[in-house]
Amino acid sequence: MIAALAFYLFAAILIASAVMVVTARNPVHSVLFLILAFFNAAALFLIAGAEFLAMILVIVYVGAVAVLFLFVVMMLDIDFAQLREGFQRYAPFGAVIGGILFLELAFVLGSWSFADSADDLRLSPNPGAGVTNAEALGRILYTDYVYLFQAAGMVLLVAMIGAIVLTHRDRPGTRRQSIADQVARANSISLEKVPVGAGVKELGIRRPPEPAAEPPRVTHDAGHGGHH
Amino acid sequence: MDGFLSTPIGILAITLAQTLALLVPVLIGVAYLTLAERKVLAAMQMRRGPNVVGPFGLLQPFADALKMLMKETIVPSGANRYLFLFAPMLTFMLAMLAWAVIPVNEGWAIADINVGILYLFAISSLGVYGIIIAGWASNSKYAFLGALRSAAQMVSYEVSMGFVIVTVLMCVGSLNLTAIVKAQETVWFFIPLFPMFVIFFISTLAETNRAPFDLPEGESELVAGFFVEYSSMSFALFFLGEYANMILMSALTTILFLGGWLPPMDIAPFNWVPGPIWFILKICLCLFTFIWVRATFPRYRYDQLMRLGWKVFLPFSLLWLVITAAVLKLAGWLPA
């Protein structure tokens, strides 16, 4: 009874916030409603007993993806008037496409029924009651589907490298900090223990050495190939 | 009485009582952490620190709270009013929410859930929203710059934190926080996993926006960063949220690496002391280190911060993860 109430509550908020994602005037509000939708989806997972998936949904989508999304949307300079310009013109097309998709989904779901032997045909049967979510997933993911799992990882890696290669610009002439060189430099800094209350004169603490008559000349063209 | 306690209302009453029993000490701890920080910093800089309000300045936190309450809440005219007021509440709420799964002693957790560590990781990764929303809703360039810095910083350090947590989980074989502490009965994890302990501690500094990673509020360049425009209680909530997060991260470090409520050795004088006391002592040790670091190190430059997160911590924690996995497998120490 309480679980059912909670389900309807979270499902209602989920749908309402999904509607708000599309209709909100301010894109930042849209992203915030999207985050609310993610949260309610995680809650629905929890009600279904999929605690691991619920937490991963929050960590990955809310904690990482949506943060970057919000980050980008906040920095975009969006002209709202221009965005809404063609709304009247495109609304009928959108409505028709949406209606067709909805009908298709309704047909599929309406004619769907489980085969009698569906339970036996499953590749990975339900684990017993004492097995936690994470363990059950691990048992399947790292045994039967380990190659697919690794392949999915490779796809993501290639996508990441591709994004970096496409957006990386090699700017010539930038001067980078070389921390290894700085740390390896000897005698650049020293600590001295001094008695409390003594002044600079009494201690004879060395002042910084006078600058040399002619400072060593810094040449910029040595490290960057020389010719421009 | 037994009959009442098993009804839904009874369960709700018990949970409420447990929540109060946990959150009231946490809030008192937050109040006194602000005092402790000022006292410790003062001692490290050869000053006295607050010593006027009450004996040894012990009433200082209450004087500060009263001052904050009396001030006027100012909402800038260009600000997004609702989000502006929502952001500090969110920050504070998240800092409190995470305590639901922290086991203070064996069986002393409000919710001893199977995916406890993931819950904590999820909640701590949400902390960035309070800051981003505050920075955006303030409609001020300093606040916005602070928010952007913080978003990039917290997302970066979460990655290496995730790998550290995975390494610990491999040694435990469970996502449950109580199981993590119990797995350390033979040896606390900071000894075999010492490099990961160091990485985790530094990442928690970055995650809580503490010095030397307090760039989101770098006062020398951003005035006060994401909370420039905040005043009165809305500022106080940010302030308290930061300190509550420090305590939370110390508790997490304690659970993952310092053996939670376990005594250092299971022999006579040590195991007379009850578990929660050990837990609190270890949290205090971590918090002292937080403050010590603040007194010692200057603030990082932003590119150095990013370099440390992505080019040092990430490859190193990944490497150590692989090494740990190989050692566990080859030596046959994998938990069942």
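The values are calculated or read from the model by the stated rules, or taken from the named source; none is laboratory data. Please read all numbers here as calculations on a predicted model, not as lab measurements. Here Cβ is always computed from backbone atoms with ideal geometry, including for glycine, and neighbour counts include all displayed protein chains.
Kindly establish whether residue B:155 is modelled with pLDDT of 85 or more and within 11 Å of chain A (Cβ to nearest Cβ).
Against the criterion (modelled with pLDDT of 85 or more and within 11 Å of chain A (Cβ to nearest Cβ)), residue B:155 does not qualify.
Here residue B:93 meets the list (1) within 10 Å of chain A (Cβ to nearest Cβ); (2) free of Cβ contacts under 8 Å to residues at least 24 places away in the same chain almost entirely, failing just condition (1). Just to be sure before I move on: is residue A:28 over 30 Å from residue A:135 (Cα atoms) and surrounded by 15 or more Cβ atoms within 10 Å (Cβ to Cβ) in the structure I sent? Judged against the criteria, residue A:28 is a match.
Looking across B:229, B:185, one residue alone is in contact (Cβ under 8 Å) with a residue 12 or more places away in the chain, assigned to a loop (DSSP other than H, G, I, E, B), surrounded by fewer than 21 Cβ atoms within 10 Å (Cβ to Cβ) and among the acidic types (Asp, Glu). It is B:185. In a residue-by-residue description of region B:116-124, the property of being in a loop (DSSP other than H, G, I, E, B), surrounded by 23 or more Cβ atoms within 10 Å (Cβ to Cβ) and at the interface with chain A (Cβ under 10 Å from one of its Cβ atoms) applies to no position.
Tallying residues that are exposed (fewer than 13 other Cβ atoms within 10 Å of the Cβ) and either touching a residue at least 24 places away in the same chain (Cβ under 8 Å) or among the β-branched types (Val, Ile, Thr) (or both) within region B:286-323 yields 5.
Is it the case, given these coordinates, that residue B:282 is in a helix (DSSP H, G or I), surrounded by 23 or more Cβ atoms within 10 Å (Cβ to Cβ) and without any contact (Cβ under 8 Å) to a residue 60 or more places away in the chain? Yes; evaluated as a whole, the condition is true for this residue. If the condition is being more than 16 Å from residue A:58 (Cβ to Cβ), polar (S, T, N, Q) and in a helix (DSSP H, G or I), then region B:125-151 contributes only B:150.
Is it true that residue B:148 is surrounded by fewer than 24 Cβ atoms within 10 Å (Cβ to Cβ) and either more than 8 Å from chain A (Cβ to nearest Cβ) or touching a Gly at 6+ places or on another chain (Cβ under 8 Å) (or both)? Answer is yes for this residue.
For the residues B:178, B:167, the requirement of being buried (at least 24 other Cβ atoms within 10 Å of the Cβ), more than 10 Å from chain A (Cβ to nearest Cβ), more than 18 Å from the chain's Cα centre (by Cα) and in a helix (DSSP H, G or I) singles out B:167.
I want to confirm something. Restricting to region A:10-31 and keeping residues that are in contact with a Leu (Cβ under 6 Å, 6 or more places away or on another chain) and over 30 Å from residue B:174 (Cβ atoms), which single residue is nearest to the other protein chains (Cβ to nearest Cβ)? The qualifying residue nearest to the other protein chains (Cβ to nearest Cβ) is A:31. All of B:151, B:143, B:147, B:179 fail the test of being under 16 Å from residue B:91 (Cα atoms) and free of Cβ contacts under 8 Å to residues at least 24 places away in the same chain, apart from B:151. Residues in region A:32-67 that are under 10 Å from the mean Cα position of the chain (by Cα) and facing another protein chain (nearest Cβ under 7 Å) were compared, and the one that is surrounded by the fewest Cβ atoms within 10 Å (Cβ to Cβ) is A:64.
For residue B:266, indicate whether it is of a type in the set (Asp, Glu), over 21 Å from residue B:150 (Cα atoms), surrounded by fewer than 19 Cβ atoms within 10 Å (Cβ to Cβ) and over 15 Å from the mean Cα position of the chain (by Cα). Spelling it out, residue B:266 is indeed of a type in the set (Asp, Glu), over 21 Å from residue B:150 (Cα atoms), surrounded by fewer than 19 Cβ atoms within 10 Å (Cβ to Cβ) and over 15 Å from the mean Cα position of the chain (by Cα).
The condition (being surrounded by 18 or more Cβ atoms within 10 Å (Cβ to Cβ), on the phi < 0 side of the Ramachandran plot and in a loop (DSSP other than H, G, I, E, B)) is satisfied by just one residue among B:104, B:75, B:52: B:104.
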